[in-house]
Amino acid sequence: MIKSKSRLTHADRVLQYLKNKDQPLSAYDILEGMRSEGVAAATTVYRALDKLLSIGLVHKIESLNAWTVCCGSHNNKTPVFEICNDCGYVKEHLDQDFTNNINNLSKRTGFIPDNPVLEIHGRCGACANNYLSA
């Protein structure tokens, strides 16, 4: 998807921007961070994010209304996000057993998920250690 430096699309630029960040960002955070690069409209950012989402390069963390780079090929696995409520750290995991359980549940109930993603909120290891030692 990345073209020559002079021909980067907005989606390419948004993806590179997100790759350089250590936590998910809202579309407006992305817009503010990219204004110096000539991105001036929220619609530009949203279109880029929609394109990146459709080809599987980013995820939307619904509970945070924020976007993050995908960890890689899912191979039909359901992503699970651990989200630290204290520091904002987000980690994506892929687990075949979890995916199998979701698929089995769907078969039993007849429900067809269109975006199976699990978001787990709590404390990351570092914040949990700080909390317990305080």
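Roughly how big is region 5-69's charge dipole about its Cα centre, with Cβ charges of +1 (Lys, Arg) and -1 (Asp, Glu), in debye to the nearest 20?
Details: 9 positive and 7 negative charges, 57 e Å.
Value, rounded to 20: 280 debye.
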Q) If each residue's Cβ is checked for other Cβ atoms within 10 Å, how do LEU25, LEU52 rank with the fewest at the top? A) LEU25, LEU52
**Q.** Unit charges at the beta carbon, dipole of the chain: most positive-side option, ALA48, PRO116, VAL80
**A.** ALA48
(Q) Using Cβ counts within 10 Å as a stand-in for footprinting exposure, how do ARG13, ARG108 rank, fewest first? (A) ARG108, ARG13
Q: Per residue of region 9-22, in order, report the coupling 6.51 cos²θ - 1.76 cosθ + 1.60 (Karplus, θ = phi - 60°) as ³J(HN,Hα) in whole Hz, putting x for Gly and Pro.
A: 7, 4, 4, 4, 5, 5, 4, 4, 4, 5, 4, 8, 10, 9
Q: Work out from phi, with θ = phi - 60° and the Karplus expression 6.51 cos²θ - 1.76 cosθ + 1.60, the ³J(HN,Hα) of each residue of region 54-64, listed in order in whole Hz, and give x for Gly and Pro.
A: 5, 9, x, 9, 9, 10, 9, 8, 4, 5, 9
Q) Where a ≥ b ≥ c are the square roots of the eigenvalues of the C-alpha gyration tensor, would you call the chain rounded, which needs a/c under 1.5, or, failing that, prolate if a/b is larger than b/c, or oblate? A) oblate
(Q) Give me, ordered by chain and number, the residues 5 or more places off VAL58 or on other chains with an amide H under 5 Å from its own placed amide H. (A) LEU53, CYS70
Q) What are the ³J(HN,Hα) values, in whole Hz, obtained from phi via the Karplus relation 6.51 cos²θ - 1.76 cosθ + 1.60 with θ = phi - 60°, for each residue of region 40-45 in sequence order, with x given for Gly and Pro? A) 10, 10, 4, 4, 4, 5
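Pairs LYS51/LYS91; LYS21/LYS60; LYS21/LYS91: which exceed 18 Å Cα-Cα?
Working: LYS51/LYS91 22 Å; LYS21/LYS60 15 Å; LYS21/LYS91 13 Å.
Check vs 18 Å cut-off fails for LYS51/LYS91.
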(Q) Using a Gaussian network model on the chain with a 10 Å cutoff between Cα atoms, which of CYS70, CYS124, CYS87 fluctuates the most? (A) CYS87
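Throughout, read-outs are computed from the coordinates displayed, never taken from laboratory work. Since we're looking at a predicted model, the values are computed, not measured. Quick reminder, even Gly has a Cβ in these numbers, built from the backbone with ideal geometry, and neighbours come from all protein chains shown.
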